[in-house]
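What follows is one structure encoded as structure tokens, with my remarks underneath.
Laboratory data are not the source of any read-out in this text; all were calculated from the coordinates shown. This one's a predicted model, so the numbers in the text were calculated from it and none came from an experiment. Backbone-built Cβ (ideal geometry, glycine too); neighbour counts: all protein chains shown.
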Amino acid sequence: MRVADKMNHNQVIHNLNKNRWELSKFQNQAATQKRINKPSDDPLGAARILETRTEMQGFNQFEKNIVATKGFIEFSERSLGEINDLLIRAKELAVQQASDGASGPETRKMVAMEIHQIFEQMVNIGNRKFGDRYLFGGYKTLKAPFDMQGNYYGDDAEVEVPIDKDAKMVMNIPGSKVFLGKRINDPVGSTKVLDPQLLEDEYQPEVDPPAEIRGPASLQNALVEDPTVNDQGYWGPNSVNIFSTMRALEVGLKANDKAVVQNSLDFLDDGLNQINLARAELGSRISVLNTGLETVQKLQVDAKIMESEIEDIDMYELVNNLNRTQNQLEASMATSGKMIQSSLLDFLR
């Protein structure tokens, strides 16, 4: 077959373009240190990289959820620790005033003032916020759950946050459980997944009316009936309304009623147990979150290693490819000059 000059010319152009394209590709890989810079470089590898990066985004979000939830729970636990200290102080005062030996009407009135201050501190702790969300309002995290009389205006909902593909963690304890002793052993009531884009005014779960703390007809009834709230879903027979107990103790001290002060000791003990049970529950959640955080961080490292193995370039191989392609281009240019240097005069000879 006769080889025409045009065929030689086209072959020379094709080889030069091919060598220059390969050299450009390897130079780009050297600049980015990535083997895959666009899907056409390795379609299968590019698909695996995209899948890995999608998983990484999920892991990063789970990590953020765990850190935020852990902070919320830890702050809740510290707040309940302060409630525990306040109850211990209230019990110390009640023990001091439970007998007539070292106490009288005047001293009990003075102690009643301190009990009132402790009560207000408890209400303020019940209305604490973490960021822009109230700790103990249930799903109603944008409104204060308690008024200064201790009435509850939150709900019984427990907010769940995804911490893994198939796992969620409850981040709160409603104030109706921890302060009023209502359904604290079982997650009764609405359970909602936290959605930052869900506005509270767009969703208002059905809840019981506020648990009103009644002015007791007698102090004994206030301590026996009112603290137990209702007969459904208790922690147990010793669940108490802590706010009602504190108010009854204050009134008993002001009235110089030794029997009420003495009876309040058992309820203060039950209140301490109630708070400690809630703190233990929060502590177990923190333990689960710590384990989950370690798992997510390990998965992040594994995903980065896999992405690196697929995407990153082997520098030793890249240097060899650059040198080889550079030599090929120089050889092609040298031989091409000899092949296409003929002019029209050469054909006329």
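In table form, for the structure just shown:
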{"read-out": "Qualifying residue in segment 124-141 (condition: of a type in the set (Phe, Trp, Tyr), crowded, with 19+ Cβ neighbours inside 10 Å and part of a loop (DSSP other than H, G, I, E, B))", "value": "yes"}
{"read-out": "Residue match in segment 68-86 (condition: closer than 29 Å to LEU293 by Cα, surrounded by 20 or more Cβ atoms within 10 Å (Cβ to Cβ) and without any contact (Cβ under 8 Å) to a residue 40 or more places away in the chain)", "value": "no"}
{"read-out": "Flag for ALA31 being surrounded by fewer than 16 Cβ atoms within 10 Å (Cβ to Cβ), aliphatic (A, V, I, L, M), out of contact with any Phe, Trp or Tyr (no Cβ under 9 Å at 6 or more places or on another chain) and under 28 Å from PHE243 (Cα atoms)", "value": "no"}
{"read-out": "Candidates ALA90, ALA94, filtered to the one that is in a helix (DSSP H, G or I), buried (at least 18 other Cβ atoms within 10 Å of the Cβ) and touching a Ser or Thr at 6+ places or on another chain (Cβ under 7 Å)", "value": "ALA94"}
{"read-out": "Residue in segment 146-165 that is surrounded by fewer than 16 Cβ atoms within 10 Å (Cβ to Cβ) and not in a loop (DSSP other than H, G, I, E, B) present", "value": "no"}
{"read-out": "Flag if ASN60 is within 26 Å of PHE243 (Cα to Cα) and either in a helix (DSSP H, G or I) or aromatic (Phe, Trp, Tyr) (or both)", "value": "no"}
{"read-out": "Within segment 88-117, considering residues that are small (Gly, Ala, Ser) and more than 42 Å from the chain's Cα centre (by Cα), the one nearest to ILE275 (Cα to Cα)", "value": "ALA98"}
